[in-house]
Amino acid sequence: MNLDVYLVPVGDEHFNENLTPSEERVKMLTGFTGTYGMAVVGKTNAFFTSYQFTEIAAQELKGFELMIETRGADLPTHLQSKGVKTAGINPRLITSKQYIELFNLLKAKGIQLIPYEEDLIEKVWTARPKREFKKIISIENRKMEEFVSQDFIKQFKEFAIGPPRVLGDRSEDDGPKSYDLDVQVNGESYKDRIKRIQSKIKSDEGLVVSSLDSIGWLLNLRGHDIDYSASFYSFVYMTRDNVKLFVGAPVDIKGVEVMKYNDFYDFIAEVKEEKVLVSGDVNYEIYRRLKNPEYSDILLNEEVLKNNVELFGYKNAAIKDGTAMIQLFSWIEKNIDNRLTEIDIRTKMYELKAKEKGYVSESFEPLVASGPNSARIYHKASKRVLKRDEILLVDTGSHYFHGTTDLTRTVVFGTPTKDMIKYYTIVLQSLIDGKYIAKSKITGKEIDDKLRKHLRAIGRDFPTSSGHGVGYFGQVHEKLPKINYDNDVLYTFNSYTLEPTYFDANMGIRIEDQVFNNRKGKLFYQTNLTYTPLDLKMVDPNELTDEQLNFVNGYSAKLREFLTPILKNKKDAFDYLMRNTEKLTKTSNSLLENPKT
């Protein structure tokens, strides 16, 4: 069949955020290394992406016209203007919902969208690397006592572990608690998870699972096929009575039939169940091979509700990240005049994290940006030297066997300018208001609005996300909850980030904390999961309300309480902790009147 254009989206058949070398089709074709975009090849060579990737696309694209969707660029209109009548796409590289939507949009423009099974990129990508299927491990028998100190947690009531299962909307505080670390790192066996999902499947139904983090969650298996992820390439098909796992690496899991990864598509075309449940992000090739597919999030809705053991794991992961970050910042402070580069700082951070028990890897490529580089939405650590009186923005996260983290801190190791203090304080106010919630229910849009309110009040906003769900030693970006313009209701024991940001042409300031939803009686509230100090010399307490000031001082007091036992014998780090957890008070003169301009 003749095609006028061929569409190549950034992604793989599981829609992983990070791609293995074998899946970097768009990078091979265009040079683009970002995580979102669509290349158009043929009658017109164009590349569509969002505003966030404008800078990186402008630098990297070769031979393709850059089209920014958020600035009015429209794929169907563009194709129509070029006289396109037929467009092909690999149906494994687009979600079923996206395909159906694009099909209808193109049809309205007189363009036929064709699911083209043959991967045309393979015809020109002669040196394409082979996909690797790496070792799969089980966390079924890994215990908290391997990674967490009982002597440490017994000092604090916040680190007692509640009952492992979450039932309904109960609070973390409900039920008996203990400091017993002889518990599975994620609090539930894979057999119990399978039973829980199977109880929601009817006798004449099947369920396809193609999301890699969901498969890992279901079976208590982890891998490292993909950078910054604990996932492995796989599919699952389950009914009320059995589970089939399709993988490319050997694995033995009792009660689960293991089949070859490459046999999955042929298998699903022959399933006997009357109805097959699929998630919204299943690829279109899967969707069209099923005789009666129906959208359902029965597995995802269970996955994103963390149990008490997982919440305990998150807290201890946050303690370890906080310990490493304080040591990093105190090391920079001591060596700031030794011409430290962003790469030097990133390398030292890796070194410090690797010393923590249970650390596996970074959960995403860290953003280490100094001075004007902090204003770049996407930035790779460079050889730029950090100067004493300029901003350092570090956005980082970690995978531990007992949890995943994501945090950002913006710091200055000399004297901050008036603008630095002004905008840091506004970002801090935004973060506090996003966390300072006590309601019977809350939506992602309400949180998003709170995180943007103070910036919008001064005519600013930020183009990046204001938050996202956080997985548990799987993928850092979990699909739910959504912290954006959607009115989706959040639930007790969702784990997610809050990340208000200020950008201008010369600097960026972000303060990002991870939280989970809790409940007391009928009131929903958030509990903190980030234990890394603020840079208090960047805060003007006179600009904070009394409630906001109490929040900052309460947060600092908890950090001092939790981290002193760990850092008291590390002089530089301990001094940094003490200085950045001092109690703030309002004064007669605003800090904005005095600092360097």
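Here are the numbers:
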| read-out | value |
| --- | --- |
| Pairwise centroid distance, computed over Cα atoms, of region 510-586 with region 412-436, Å | 14 Å |
| Size of charge dipole - the chain - debye, nearest 20, with Cβ of Lys, Arg +1 and Asp, Glu -1, no other charges | 580 debye |
| Residues whose placed amide H lies under 5 Å from that of residue 526, excluding near-sequence neighbours | 437, 518 |
| Order by protection proxy (mean Cβ within 10 Å, highest first), peptides 487-493, 477-483 | 477-483, 487-493 |
| Sites residue 558 and residue 145, calculated FRET efficiency, Cβ-Cβ separation with R0 25 Å, nearest 0.05 | 0.55 |
| 0 to 90° range, to nearest 10: angle between helix 546-567 axis and the chain longest Cα axis | 90 degrees |
| Beta bridge orientation in the chain: antiparallel %, DSSP, nearest 5 | 70 percent |
| Most positive-pole-ward Cα, 307, 514, 432, against dipole of the chain from beta carbon charges | 432 |
| Extension gain from residue 536 to residue 123, taking 0.36 nm per residue of separation minus the Cα-Cα distance | 143.0 nm |
| Charge dipole (the chain, unit charges on Cβ, about Cα centre) - positive-most of 7, 326, 206 | 326 |
| Modelled FRET efficiency - R0 25 Å, residue 55 with residue 28, Cβ distances, 0.05 increments | 0.75 |
| Other-chain or far-sequence residues with amide H under 5 Å of residue 112's (modelled H) | 86, 87 |
| Amide proton proximity set for residue 404, modelled H, under 5 Å, gap of 5+ | 473 |
| Aspartates and glutamates whose Cα lies under 15 Å from that of residue 123, excluding same-chain neighbours fewer than 8 positions away | 23, 24 |
| Inter-label distance, nm, simple model (7 Å from Cα along the C-beta direction), residue 288/residue 505 | 4.8 nm |
| Pairwise label distance in nanometres, residue 74 with residue 380, each label 7 Å out on the Cα-Cβ vector | 3.6 nm |
| Trypsin sites (Lys or Arg not before Pro) lying in DSSP loop within region 354-434, provided at most 10 other Cβ fall within 10 Å | 383 |
| Charge context of residue 554, other residues only, Cβ under 14 angstrom, K/R +1, D/E -1 | -2 |
| Whole-number percent relative contact order across region 270-313, with pairs defined as alpha carbons under 8 Å at least 6 apart | 37 percent |
| On Cα atoms only, tilt of 342-354 relative to the major axis of the chain in degrees | 90 degrees |
| Mean residue ellipticity (222 nm) of the chain, computed from DSSP H runs ≥ 4 via -39,500 (n - 2.57), nearest 500 | -9000 deg cm²/dmol |
| At R0 = 30 Å, FRET efficiency that the Cβ-Cβ distance of residue 261 and residue 43 yields, to 0.05 | 0.25 |
| Relative contact order, percent, the chain [alpha-carbon distance under 8 Å, six or more residues apart] | 12 percent |
| Helix 418-435 vs. the chain, principal-axis angle (Cα, 0 to 90°, nearest 10) | 60 degrees |
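No value in this document is a laboratory result; all are computed from the given coordinates. Please read these numbers as outputs of a predicted model, since none were measured by experiment. Neighbour counts run over all protein chains shown; Cβ positions are idealised from the backbone, glycine included.
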